[in-house]
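S.K.: Below is the structure I would like to discuss, written out as structure tokens.
The values are calculated or read from the model by the stated rules, or taken from the named source; none is laboratory data. Given the structure is predicted, the values throughout are model-derived calculations rather than measurements. Neighbour counts are summed over all protein chains in view; Cβ atoms, including those assigned to glycine, are modelled from backbone coordinates with ideal geometry. Only protein heavy atoms, including side chains, enter the accessible area calculation; ligands, DNA and RNA are left aside. Shrake-Rupley method; radii C 1.70, N 1.55, O 1.52, S 1.80 Å.
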Amino acid sequence: GPTPGPPDGGWGWVVVFGAFISIGFAYAFPKGIAIFFKEIQDFFGTSYSEIAWVSSIMLATTYGAGPISSILVNRYGSRPVVIFGGLLCGIGMVSAAFCTSILQLYICVGFITGLGLALNLQPSVIIIGKYFLKRRPIANGLAMAGSPVMLCTLAPLNQFLFDNFGWRGSFLILGAILLHCCVAGALFRPIGADKASVKTQSIEEGKEVLKEEVTKDAIEMNSPTNIPVETKTEEEEAKDCCEKVNKYLDFSLFKHRGFLIYLIGNVLMFLGFFAPIVFLAPYAKHIGIDEYSAAFLLSILAIVDMIARPTTGIIANSKWVRPRIQYFFSFSIAFNGTCHLLCPLASGYTGLVIYSVFFGLAFGMVCAMLFETLMDLVGASRFTSAVGLVTIAECCTILLGPPIGGTLIDTFGDYKYMFIKCGAVMVLAGTFLFIMNYYNYRMLAKEEKKRKAKEEDPKSVRTENEGRNNRNKETVEDGPELEPLREEQEGLKKEVNGT
């Protein structure tokens with residue numbers, strides 16, 4: 001039968017709870033694991049930059065495998081992908097407990113667990129969209145709250161586990177805890193699949209043979225490996241493949257001014273985004289603060305982050321900020337950088353607590369607007385493919401950020417240069433975004449004005465239309481490359497005005 005619309009409640013809230021768990025692990029785990037770094041470093045006798053690669057590879061895999069995850073969800077649905085992801089996470093952490101070299105940690109923790117977390121993230125976001133329509137902002141907000149809540153609990157828990165079981169024992173236990181993602185995945189009941197089974201049950205027991213046939217049909221209908229569908233020609237499959245790639249990655253976005261500004265700014269920003277979180281607890285231990293207080297700094301950061309995200313969302317949606325959301329975004333990035341620049345001045349635990357509060361606030365602000373600003377620039381229709389391209393580009397800088405920070409710590413034997421590097425990079429990114437978006441807003445206004453002037457002047461309209469027709473002819477002959485950017489920009493302006 002026809003699939004019903006999103007129920008906006010009911011089982012949807014159970015799905016939100018599942019998403020809360022899997023999204024929470026996906027975001028918080030790479031940060032919470034930093035608690036063990038100082039000890040693992042002493043154990044293997046490695047440098048700061050070598051240990052930082054563990055977090056980096058994990059974060060980069062989680063971000064970079066996003067498109068793979070989306071394709072798998074389209075093919076098999078959310079439930080199996082999340083359950084498989086949970087299994088990968090568990091396997092990765094349990095095997096990490098038996099590692100004898102840092103390289104094996106890269107593979108087990110960085111790559112296998114990172115991939116598992118990536119398979120947890122996308123499906124959870126996608127399935128919420130299937131279960132909710134009207135209440136989607138609330139549902140998404142609740143699910144996204146999983147990240148700070150998990151970080152809050154994971155940091156002290158990891159420290160407790162380490163004190164009692166050492167890092168190997170902790171990794172075993174964490175592997176078991178990550179298997180809860182499989183439970184979360186099991187809650188992701190696919191919508192509209194249970195209708196067929198109801199139909200088969202409604203047939204009376206007298207008609208056994210008929211019932212068996214119907215059941216067989218129902219099974220065939222529901223099974224992903226549907227025999228008639230599979231008999232495609234190879235050409236069709238190749239075409240399908242190209243279309244799929246195009247759906248996730250629309251390369252014409254590279255001719256889009258707003259998108260390019262966002263991309264350059266963000267790639268820069270991610271060079272300094274995660275390193276301070278990765279090194280916060282080790283830094284506190286380095287100054288001589290006890291382990292639990294060091295772990296508690298991450299919890300403080302997470303609690304503030306939890307409050308900052310929804311608040312930022314509300315402010316960014318207000319009628320004063322919404323039309324100029326890009327400025328707000330660039331401000332929050334620069335604010336983030338300023339926090340890191342001031343961190344080396346923080347002496348003692350009180351100073352670090354104040355830093356954690358401000359860092360949590362700045363981090364939450366950036367996270368809350370990360371995708372909102374992109375949607376504002378490219379419009380909802382091209383958003384999916386824009387996210388794909390951005391995450392692939394960001395991967396490199398996410399991968400390099402923490403190890404560069406680690407190298408600075410190794411070289412100078414002091415953490416302050418790492419904080420200064422992150423701060424400087426983020427202030428630079430924020431300033432770049434601010435100036436370029438100012439330019440972009442000016443250009444958009446100019447183009448809008450030009451269009452208005454042409455609409456008012458009837459003579460110019462006629463010539464404009466003739467010109468446009470000629471241009472269209474040229475465009476058809478020369479291929480889509482020559483399609484002027486201005487028209488695309490006008491379309492964008494309409495979209496922005498429409499929202």
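S.K.: Scan (1) surrounded by fewer than 23 Cβ atoms within 10 Å (Cβ to Cβ); (2) in contact (Cβ under 8 Å) with a residue 40 or more places away in the chain for the single condition Gly45 breaks and write down its number.
M.R.: (2)
S.K.: Take segment 45-64 and flag every residue that is polar (S, T, N, Q) and in a helix (DSSP H, G or I). Even if it seems obvious, please write down each step before you answer.
M.R.: Kept after step one, since they are polar (S, T, N, Q), are these residues of segment 45-64: 46-47, 49, 55-56, 61-62.
Selection gives Ser49, Ser55, Ser56, Thr61, Thr62.
S.K.: For Met150, work out the one condition from (1) within 23 Å of Ile300 (Cα to Cα); (2) more than 19 Å from the chain's Cα centre (by Cα) it doesn't fulfil.
M.R.: Status for Met150: all satisfied but (2).
S.K.: Still on this model: Filter segment 259-287 down to residues that are closer than 21 Å to Glu372 by Cα and open to solvent by less than 30 Å² (accessible area, probe 1.4 Å), then give me how many there are.
M.R.: 11
Residue-wise test of (1) touching a Cys at 6+ places or on another chain (Cβ under 9 Å); (2) aliphatic (A, V, I, L, M).
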residue	(1), (2)
Tyr262	no, no
Val278	no, yes
Ala281	no, yes
Ser299	yes, no
Pro310	no, no
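S.K.: What number of residues within segment 85-114 satisfy the criterion of being without any contact (Cβ under 8 Å) to a residue 60 or more places away in the chain and open to solvent by 70 Å² or more (accessible area, probe 1.4 Å)?
M.R.: 5
S.K.: Take the residues of segment 299-345 that are open to solvent by 60 Å² or more (accessible area, probe 1.4 Å) and of a type in the set (Lys, Arg): which is farthest from Ala424 (Cα to Cα)?
M.R.: So the residue we want is Lys319.
S.K.: From Asp376, Asp290, which residue is at pLDDT below 85, open to solvent by 10 Å² or more (accessible area, probe 1.4 Å) and not polar (S, T, N, Q)?
M.R.: That would be Asp376, the only listed residue that is at pLDDT below 85, open to solvent by 10 Å² or more (accessible area, probe 1.4 Å) and not polar (S, T, N, Q).
For (1) of a type outside the set (S, T, N, Q); (2) within 20 Å of Asp42 (Cβ to Cβ); (3) outside the structural domain of Glu291 (by the TED database), each residue gets a yes or a no:
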site: Ser124; (1), (2), (3): no, no, yes
site: Pro156; (1), (2), (3): yes, no, yes
site: Trp167; (1), (2), (3): yes, yes, yes
site: Ala184; (1), (2), (3): yes, no, yes
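S.K.: Is it the case that some residue within segment 246-258 is at pLDDT 85 or above and surrounded by 22 or more Cβ atoms within 10 Å (Cβ to Cβ)?
M.R.: Looking through segment 246-258, at least one residue is at pLDDT 85 or above and surrounded by 22 or more Cβ atoms within 10 Å (Cβ to Cβ).
S.K.: Looking for whichever is under 15 Å from Asn120 (Cβ atoms) and among the β-branched types (Val, Ile, Thr) here; the options are Thr46, Thr62. Which one fits?
M.R.: Unique residue meeting the criteria: Thr62.
S.K.: Can Ala52 be described as at pLDDT 85 or above, surrounded by 20 or more Cβ atoms within 10 Å (Cβ to Cβ) and under 16 Å from the mean Cα position of the chain (by Cα)?
M.R.: It is false that Ala52 is at pLDDT 85 or above, surrounded by 20 or more Cβ atoms within 10 Å (Cβ to Cβ) and under 16 Å from the mean Cα position of the chain (by Cα).
S.K.: Something else about it: In segment 379-397, how many residues are in contact with a Phe, Trp or Tyr (Cβ under 8 Å, 6 or more places away or on another chain), open to solvent by 20 Å² or more (accessible area, probe 1.4 Å) and aliphatic (A, V, I, L, M)?
M.R.: Number satisfying all stated conditions: 1.
S.K.: Moving on to the next point. Quick one: Ile354 ticks every box in (1) among the aliphatic types (A, V, I, L, M); (2) under 17 Å from Ile303 (Cα atoms); (3) in contact (Cβ under 8 Å) with a residue 40 or more places away in the chain bar one, so which box is it?
M.R.: (3)
S.K.: May I pose another question? Among the residues of segment 162-180, which ones are open to solvent by less than 10 Å² (accessible area, probe 1.4 Å) and under 17 Å from Ala294 (Cβ atoms)?
M.R.: Answer for segment 162-180, where residues must be open to solvent by less than 10 Å² (accessible area, probe 1.4 Å) and under 17 Å from Ala294 (Cβ atoms): just Ser170.
S.K.: Criterion first (closer than 20 Å to Val73 by Cβ, of a type outside the set (Val, Ile, Thr) and at pLDDT 85 or above) does Gly129 satisfy it?
M.R.: Details: closer than 20 Å to Val73 by Cβ: yes; of a type outside the set (Val, Ile, Thr): yes; at pLDDT 85 or above: no.
The answer is no for Gly129.
S.K.: State whether the residues of segment 359-367 include one that is part of a helix (DSSP H, G or I), assigned by the TED database to the domain that holds Thr311 and surrounded by fewer than 20 Cβ atoms within 10 Å (Cβ to Cβ). It would help to see each step written out before you state the result.
M.R.: Within segment 359-367, the first condition is being part of a helix (DSSP H, G or I), and the residues that meet it are 359-367.
Now narrow it down to the ones that are assigned by the TED database to the domain that holds Thr311: 359-367.
Pick out the ones that are also surrounded by fewer than 20 Cβ atoms within 10 Å (Cβ to Cβ) and you get 367.
Scanning segment 359-367 turns up at least one residue that is part of a helix (DSSP H, G or I), assigned by the TED database to the domain that holds Thr311 and surrounded by fewer than 20 Cβ atoms within 10 Å (Cβ to Cβ).
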